[in-house]
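**Q** So that we are looking at the same thing, I have put the structure below in structure tokens.
Values in this text are rule-based calculations from the coordinates and carry no lab data. The model shown is predicted, which means the values in this text are computed figures rather than measured ones. Cβ placement follows ideal geometry from the backbone for every residue including glycine, while neighbour counts extend to all protein chains displayed.
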Protein chains: 2
Amino acid sequence: MRAEKVTSVDVARRAGVSQSAVSRVFTPGASVSPKMAEKVLKAAQELGYRPNVLARSLITGRSRIIGLVVAYLENQFYPDALEKLSTALQAHGYHILVFMVSNDDAGVDKVMGELLDYQVDGIITASVGMSNALAARCAAAGVPVVLFNRGQDDERLNQVTSNNFEGGRKIAEFLVAGGHRRIAHIAGWSGSSTGRDRQSGFLAGLNAAGLDITRCIDGMYNRETAAAATREIFSGNERPDAVFVGNDHMAFAVMDVLRFELKLDVPGDVSVVGYDDVPLASWPAYDLTTLRQPSNRMVEATVSTLLGWIEEGSNDVQKIQIDGPLMIRGSARIPEGWPDERL
Amino acid sequence: MRAEKVTSVDVARRAGVSQSAVSRVFTPGASVSPKMAEKVLKAAQELGYRPNVLARSLITGRSRIIGLVVAYLENQFYPDALEKLSTALQAHGYHILVFMVSNDDAGVDKVMGELLDYQVDGIITASVGMSNALAARCAAAGVPVVLFNRGQDDERLNQVTSNNFEGGRKIAEFLVAGGHRRIAHIAGWSGSSTGRDRQSGFLAGLNAAGLDITRCIDGMYNRETAAAATREIFSGNERPDAVFVGNDHMAFAVMDVLRFELKLDVPGDVSVVGYDDVPLASWPAYDLTTLRQPSNRMVEATVSTLLGWIEEGSNDVQKIQIDGPLMIRGSARIPEGWPDERL
DNA sequence: CTTCAGTTTGCATACGTATGCAGAAAGTTC
DNA sequence: GAACTTTCTGCATACGTATGCAAACTGAAG
């Protein structure tokens, strides 16, 4: 059962050339004559030789591995992003090494150490923060980091997010224009920049119309917490007539509670707006009005930033914010004559 | 910006010992005196040394990387499994390298080559098949493979699935007991063992009651295809009164079409049963009756099989089938006095 | 203090590849 | 065909670690 590894030396012997020649044939851009290439490729073919990426990385200092740190995949936004990131990176010859982590500093630090052990060429964190000590270590190790869908005040960390403040503001504007006056917010986790920015944008939007948030509870980006918050907010008799929920994943829970527990009509009794536009949001069962995070463009920006650092030695830190449209669907009252922003 | 890597040699110099000593301190089970360990660990601590996993793998022949090949993450079953697999493997010091792949032989073969380049210690494929040539290559390379949620007739490939035949049969029994007589099937992709087994189990169950499948279309595990199939099957006037859908992901599409396009009541007009029991199935918006694939136990079986091959040199091929219960919810008529199998 | 077994250490080498350097071959120009 | 330039090849070495082997040390028993 034990494998006999075939190495570049074996190929060299068979082709009657030196090991360096074999290496050069498999190194793009190296200098080899056509007939050398042919001889070597033939021998390699016959033996089933393929270069050992790990051994190569030892010399070149490049592993072609990107570490992805992610806290949970329950929210559909993340598997979707993971799929797109992986596909995009694969096209450039990189692959993703996954690190699941509990979303606290200790967990992240521990895992990040393991990550560096693998000599990753770059790190993407999806909605996970980093301690300063850690950011320093990555910088010291020369490993570029991109925070995907999470901002953080650190001069060393690239980040790609949607324009969360503006998104929150847009949603406020939309709800106000729809005639809502008692507006609640089930917020994204206050420990995250996304949660905070969406909330402050939302608040700014309401304030601009002379309104305030009627009721606000942190939903922790968690389905159960959001459901409990909904019960709390909507079971009294002074209930709001609209709610902005910090992401779609929680918004589904909110709608389920409103409809199936509290027997309220959405959007008749309550308008619900989410954030993300995950695929499920467009399914008729929810038909959720939500602010789209343009994951394609976010992924694109993430990949090009990362590859810029890795391959072109770039070192200017990017803080990229991408605007997304409000996807108007059936879960919230549509203001008279509101322009349809859909793509 | 370039990093000064700290190596075992640096640590050795600082601690005033040999490089081998350092190596031994970081190799579990090697022979080192307590005071040597202390000296080395202190020096390592001060320099921030951590062993280079890649260099280590060159010597030991173990990379502590498991390759995961997966076709798409849209169906919630897979991110869920990925999360659990990754967490379980991490606990054993392994990590998952992700390979997204289009579900055809050419795509799989190409990607699998890249996979072997990384010297992975094992391979898990999630609902993806392998050509025989490929299975042979993995066997030759001594890399164990586990097919997760996919069976295949190959003596060299481990596999872990739910008991799809029995699951299909149970569902037939359930629907028949519910008084349904015109029963349709939107099948899982006929190119997959899961799809075929569920279908034949279902058929066997119906036959046992003297019934047959009224109408059957391959839904390709694809939302759009399943939706189209639903329109096809249910828009005529001789419509079935129940449908078994090959997985939950398609079942949601089917319910959406039935309710929102065809204005049929579920389960009043049509009973719908799915397969998988993804988290979404239990959300009230769908409240889908479905056969649970016990992903926890499937993951556990996958991990222990894989580690058995890798660490204990096991070489008996496992073909594991795990039974799952029918989760009875609100999308299908419940037969009088039917025992509740829920956990 | 000697002997001997057991433990700990350093030396040297190996893993599979890439690359600087110098020499060989091939091509160009007169 | 000589002189020169360009392209190609092999030699040697390096990357960071683990491990067999023999030497050095430790401690116990006599």
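**Q** Along Cα→Cβ, 7 Å out, is where each label goes; now give me the distance between the ones at A:Glu238 and A:Arg181 in nm to one decimal.
**A** Using points 7 Å along Cα→Cβ, the separation is 1.4 nm.
**Q** Here is a follow-up. Under a GNM of chain A (C-alpha, springs under 10 Å), which listed residue has the highest mean-square fluctuation: A:Val70, A:Val128, A:Val53?
**A** Top of the fluctuation ranking is A:Val53.
**Q** Kindly provide the GluC sites (Glu not before Pro) of the range B:281-333 that DSSP labels as loop, not H, G, I, E or B, and whose Cβ sees at most 16 other Cβ atoms within 10 Å.
**A** In loop regions of the range B:281-333 (DSSP not H, G, I, E or B), the sparsely surrounded GluC sites (Glu not before Pro) are B:Glu312.
**Q** Charges only on Cβ, +1 for Lys and Arg, -1 for Asp and Glu: so what's the dipole of chain A about the Cα centre, in debye to the nearest 20?
**A** 1380
**Q** Next question, about the same structure. DSSP loop (so not H, G, I, E, B), at most 14 other Cβ within 10 Å: list which trypsin sites (Lys or Arg not before Pro) in the range A:217-273 pass both filters.
**A** A:Lys263
**Q** Here's a follow-up. If you count, for every residue in A:45-57, the Cβ atoms of partner chains within 10 Å of its Cβ, what is the mean?
**A** Other-chain Cβ atoms within 10 Å of each residue's Cβ, averaged: 4.
**Q** Taking the Cα centre of the range A:119-201 as origin, sum charge times position over the Cβ atoms of Lys and Arg (+1) and Asp and Glu (-1), and report the length of that vector in debye to the nearest 20.
**A** Value, rounded to 20: 380 debye.
**Q** Okay, next question. Can you tell me the relative contact order of chain A? Whole percent, Cα pairs under 8 Å, sequence separation 6 or more.
**A** Relative contact order comes out at 14 percent.
**Q** Which value in Å is the Kirkwood Rh of the range A:195-246 over different Cα pairs? Write down the numbers at each step before the final one.
**A** Values: mean 1/r = 0.0842 Å⁻¹.
Evaluated over the range A:195-246, this radius sits at 11.9 Å.
**Q** Calculate, axis by axis, the spread of Cα positions in the range B:83-237 along the three principal axes, and write the results as whole Å, longest axis first.
**A** Projected onto the principal axes, the Cα atoms of the range B:83-237 cover 57, 29, 27 Å.
**Q** Sort the following peptides by mean Cβ neighbour count (other Cβ atoms within 10 Å, averaged over residues), highest first: B:156-169, B:200-213.
**A** Values: B:156-169: 23.4, B:200-213: 16.9.
Top of the packing list down: B:156-169, B:200-213.
**Q** Once the label point is set 7 Å along the Cα-to-beta-carbon vector, what list of distances in nm do you get between A:Ser200 and its counterparts in the other copies?
**A** Output for A:Ser200: 6.2 nm, nearest copy listed first.
**Q** Okay, next question. For the range B:54-155, what size does the Cα cloud have along each of its three principal axes, sorted from largest down, in whole Å?
**A** 37, 30, 22
**Q** A further question follows. Filter the GluC sites (Glu not before Pro) in the range B:188-246 down to the DSSP loop ones having no more than 11 other Cβ atoms within 10 Å, then list what survives.
**A** Sites meeting the loop and neighbour criteria: B:Glu238.
**Q** In addition: Could you tell me which residue out of A:Ala136, B:Tyr49, A:Gly167 lies farthest along the dipole of the protein assembly as shown toward its positive end? Charges go on the beta carbon: Lys and Arg +1, Asp and Glu -1, centred on the Cα centre.
**A** Checking the options against the dipole of the protein assembly as shown, the answer is B:Tyr49.
**Q** Simple spin-label model, 7 Å along Cα-to-Cβ: B:Arg231 to B:Lys5 in nm?
**A** In this crude spin-label approximation the distance works out to 5.7 nm.
**Q** Expressed as a whole percent, how much of the Cα-Cα distance distribution for the protein assembly as shown exceeds 46 Å? Kindly include the intermediate steps, with their values, before the conclusion.
**A** Numbers: 61346 of 234955 pairs.
Percentage above 46 Å: 26.
**Q** Sticking with this structure for a sec: Using 1/(1 + (r/R0)^6) with R0 = 22 angstrom and r between the beta carbons of B:Lys263 and A:Phe260, what's the FRET efficiency to the nearest 0.05?
**A** After rounding to 0.05, the efficiency reads 0.65.
**Q** Using only Cα atoms, what is the ratio of the radius of gyration of the range B:114-200 to 2.2 N^0.38 Å?
**A** On the way: Rg = 17.0 Å, N = 87, 2.2 N^0.38 = 12.0 Å.
Normalised by 2.2 N^0.38 Å, the Cα Rg of the range B:114-200 equals 1.41.
**Q** Under the rule a/c < 1.5 gives rounded, and otherwise a/b versus b/c splits prolate from oblate, where does the range A:164-293 land using the Cα gyration tensor?
**A** It comes out rounded by the Cα gyration axes.
**Q** Set the Förster radius R0 to 25 Å, insert the Cβ-Cβ distance between A:Leu41 and B:Ser131 as r into 1/(1 + (r/R0)^6), and round the FRET efficiency to 0.05.
**A** With a Förster radius of 25 Å, E is 0.65.
**Q** While we're here: Which cross-chain or sequence-distant (5 or more) residues have an amide H under 5 Å from the amide H of B:Phe26, H modelled 1.01 Å from N in plane?
**A** The list, which skips near neighbours in sequence, is empty: none.
**Q** Would chain A count as rounded, prolate or oblate if I go by the C-alpha gyration tensor, calling it rounded below 1.5 in a/c and otherwise prolate when a/b exceeds b/c, oblate otherwise?
**A** Prolate shape, in that a/c is at least 1.5 and a/b is the bigger ratio.
**Q** Could you compute how fast the range B:8-51 diffuses translationally, taking Rh as the Kirkwood radius over C-alpha pairs and applying Stokes-Einstein at 25 °C with viscosity 0.890 mPa s? Give it in µm² per second.
**A** Roughly 248 µm²/s, to the nearest whole number.
**Q** Please give the FRET efficiency for A:Ile59 paired with B:Ser200, using the beta carbon to beta carbon distance and R0 = 35 Å, rounded to the nearest 0.05.
**A** 0.05
**Q** Right, here's the next one. Binning every alpha carbon pair distance of the range B:218-343 at 10 Å from zero, what are the percents per bin?
**A** Spelled out bin by bin, the range B:218-343 gives 12, 36, 26, 15, 8, 2, 0 percent.
**Q** Separate question: What is the Cα centroid distance between the range B:200-269 and the range A:71-86, reported in whole angstrom?
**A** One Cα centre to the other: 29 Å.
**Q** Please check which bits of the range B:214-251 a label hung off B:Ser282 would reach, taking the label as a point 7 Å along Cα-to-C-beta and the cut-off as backbone N under 20 Å.
**A** Flagged as within label range: B:247-251.
**Q** How large is the helix-only mean residue ellipticity at 222 nm for chain A, computed as the sum of -39500 (n - 2.57) over DSSP H runs with n ≥ 4, divided by its residue count, in deg cm²/dmol to the nearest 500?
**A** Values: 12 runs with 143 residues, N = 343.
Rounded to the nearest 500, it is -13000 deg cm²/dmol.
**Q** A further question follows. Using just the alpha carbons, could you tell me how many Å³ per residue the convex hull of the range B:80-119 encloses?
**A** 68
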